[in-house]
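**Student:** Following this message is one structure expressed as structure tokens.
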Amino acid sequence: MLLAVLWLLLGWLDASYLYRLASMALVFGLLAASANLITGVAGMMTLGHAAFYGVGAYTSALLSSQYQFSPWLTLPLAGVTAALLGGLTAWLTRRLVNVHFAVATLGIGQAVYVTLLNWVDFTRGPMGITDIAPLSTASPAINLGLVMLVFLLCYLVLERTVHSYYGNALRALREDEQCVAAMGLDPAKLKIQVMVLGCFIAGLAGALWAYSTRYVSPGDFRFSESITILAMVVIGGLGSLPGAIMGALLLTLLPELLRSLGDYRMLVVGSIMFGFIMFLPKGLIGEYSALRVFRSHLKALEQS
Amino acid sequence: MLDFFDVFLVQQLLNGLAQGLVYALIAIGFTLIFGVLNVVNFAHGEIYMLGAFAGLLAIQLLAPPAFAVLLLVAAAGLVLGVLLERVAFRPFRRFNDEASLKSKALREATLLSSLAISIITRELMQLYVGADMQSIPQAYLLMTPIQLGPLSIASGQVLIFVTALLMFLLLQWLLFRTRLGLSIRAVSNNRLGALHVGINVNHIIIATFAIGSLMGAVSGIVVGLYSGNIFPQMGFSPGIKAFVAMVMGGLDSIPGAVISAIVLGLCEALSTDFVSQGWSELISYGLLLITLLYFPRGLFGKKVERV
């Protein structure tokens, strides 16, 4: 049902001139959804999500602008590169819990940002990469459609992952790692799998971002972006997939609607985040209610 | 002795030491607060920034002697610490039972609320004073070079060194020689136990925040006096470095954090010999990852029995 609402909303946006805005919202929706998988469902607080997003964006930008790879090749490649980095991160940090994991991801995020900024020969440093070819040479509407297609695919994958027995195992991992191990599951393996999947989607989102703005620079992948993504997840409700999408929509569209505010973007992000933590800690759509909706949906399917 | 060394190298080491002590100054307050509450206070870098601005304000309005500026900033830090605790931390301490003390969700909520407060503070300051660097009036700058043979040290570096040493010693005295310190250590060791022996945990936590933020604010103005410019973003990068130092030191060990901070500063200064300034940032993150991987308890953390 929520998906239908989202579709309707996008259909409305499709008709207007807001292509860029729509693809931005979709990209951040993907980012928030994947961060939700890692932080909300599996409980691994990540403070460096923008790094994987950035790696994906740079992979596709470099491959398409330097080597003229077609988007259909660079999209998965961007995802794979980010997933490799994510898997490596998870493998290295598989025994770290709580704040240690958060610090490690913060360190990796900053390291990637510094690398993007300083490896001038390869990434062109702070100048960024310009002249990235669009997804297809057809009309912008078709490009947006393609972005929407990728978004939907990823959303379906995430939805099936989060609302399954596997998703329950991840929730157990969040609540109590020792308990998961006692039940015969390997927490390290689960963590690596979650990071690989989450970062693959973040990498895809990065590639979509590169193709839709046609310009990437390290400034887009700073620590504050990681925080914004985290804020989206918190606003939507940790662990709730539709909530993450709602949070992403809220935090991308609201600053755009309040364009006149200009510099206030991060202020709005911070205040909204603070307000939600204080007064609505479960988020817009809490995990419990989100799960209940999906489960009743499943039950209805079974009965019919 | 100096003949053996390249003068340039020694100079570089001295600069690194000063930089490391800047990180150490922030890390001390950071670690103190972490030790008591067991949550990361992301807003500490903002306290540092606000301390610098409070000092600037004091200089512009009253133009007091430098020592009085430090006192005023310390008072401001005290107030800011109490405020910060009230706004971002108190609301999550409604429950004192064991389950919620260990609850991951509550701890994460506190972490996020301090993060949100830090963003709000930084952005508000940016709107209010602008993102540009504000310069400290010339008369207050501590840039007078002091010649030591072939080496030269800025007087600000001496001040940083003295402040770091004083703060460290004062804190050790406070923690290990006073009743307040005893209570702080009790709360940090076991909050429920402290409650049971009649310690007012709330007061102790507020006091810890006040002390930690006082140190953060004073280090802000000291660094401001030395470097000569302060800006709303100034707390971010040293804040992260102090965070790294705290983790490297083992999360709750103040001497460990200080040593790690100095190591970080030295490594960064030395690395500029080999790589450009931008890359030297990478050194501390690399060190952080290595520590986390090979010494998850930190370099100076408590040994914990493994099951």
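**Student:** Here are the criteria: (1) within 13 Å of chain A (Cβ to nearest Cβ); (2) at pLDDT 75 or above; (3) crowded, with 16+ Cβ neighbours inside 10 Å. Tell me which single one B:Cys267 does not satisfy.
**Tutor:** Going through (1) within 13 Å of chain A (Cβ to nearest Cβ); (2) at pLDDT 75 or above; (3) crowded, with 16+ Cβ neighbours inside 10 Å one by one, B:Cys267 breaks only (1).
**Student:** Among the residues of the stretch B:184-203, which ones are crowded, with 20+ Cβ neighbours inside 10 Å and closer than 23 Å to B:Ala75 by Cα?
**Tutor:** If the condition is that a residue be crowded, with 20+ Cβ neighbours inside 10 Å and closer than 23 Å to B:Ala75 by Cα, then B:Ile184 is the only one that fits.
**Student:** Can you name the residue in the stretch A:223-232 that is more than 10 Å from chain B (Cβ to nearest Cβ) and not hydroxyl-bearing (Ser, Thr, Tyr) and is also surrounded by the fewest Cβ atoms within 10 Å (Cβ to Cβ) among such residues?
**Tutor:** Ranking the qualifying residues of the stretch A:223-232, first place goes to A:Glu225.
**Student:** Right, next: Helices (runs of 4 or more DSSP H) wholly in the stretch B:86-190 with at least 2 residues that are at pLDDT 80 or above and within 12 Å of chain A (Cβ to nearest Cβ) - which ones?
**Tutor:** Here the list reads B:104-129.
**Student:** If I go through the stretch A:267-287 residue by residue, how many of them are within 10 Å of chain B (Cβ to nearest Cβ), buried (at least 20 other Cβ atoms within 10 Å of the Cβ) and more than 14 Å from A:Leu250 (Cα to Cα)?
**Tutor:** Result for the stretch A:267-287: 2.
**Student:** Okay, next question. Do we find that A:Leu173 is among the aliphatic types (A, V, I, L, M), more than 24 Å from A:Thr39 (Cβ to Cβ) and at pLDDT 70 or above in this structure?
**Tutor:** no
**Student:** Would you please name the residue that is surrounded by the fewest Cβ atoms within 10 Å (Cβ to Cβ), looking only at residues in the stretch B:245-258 that are touching a residue at least 60 places away in the same chain (Cβ under 8 Å) and within 11 Å of chain A (Cβ to nearest Cβ)?
**Tutor:** This residue is B:Leu251.
**Student:** In the set B:Ile33, B:Ile47, B:Ile28, which member is buried (at least 24 other Cβ atoms within 10 Å of the Cβ), in a helix (DSSP H, G or I) and at pLDDT 90 or above?
**Tutor:** None of the others qualify; the one that does is B:Ile47.
**Student:** Need the failing condition index for A:Phe294 against (1) in contact with a His (Cβ under 8 Å, 6 or more places away or on another chain); (2) not in a helix (DSSP H, G or I), just the number.
**Tutor:** Going through the list (1) in contact with a His (Cβ under 8 Å, 6 or more places away or on another chain); (2) not in a helix (DSSP H, G or I), A:Phe294 breaks only (2).
**Student:** Keeping to the stretch B:278-296, report how many residues are at pLDDT below 70 and out of contact with any helix residue (DSSP H, G or I) (no Cβ under 9 Å at 6 or more places or on another chain).
**Tutor:** 0
The values are calculated or read from the model by the stated rules, or taken from the named source; none is laboratory data. All values reported here derive from a predicted model rather than from experimental measurement. Every residue, glycine as well, gets a Cβ built from its backbone with ideal geometry; the counts of neighbours run over all protein chains shown.
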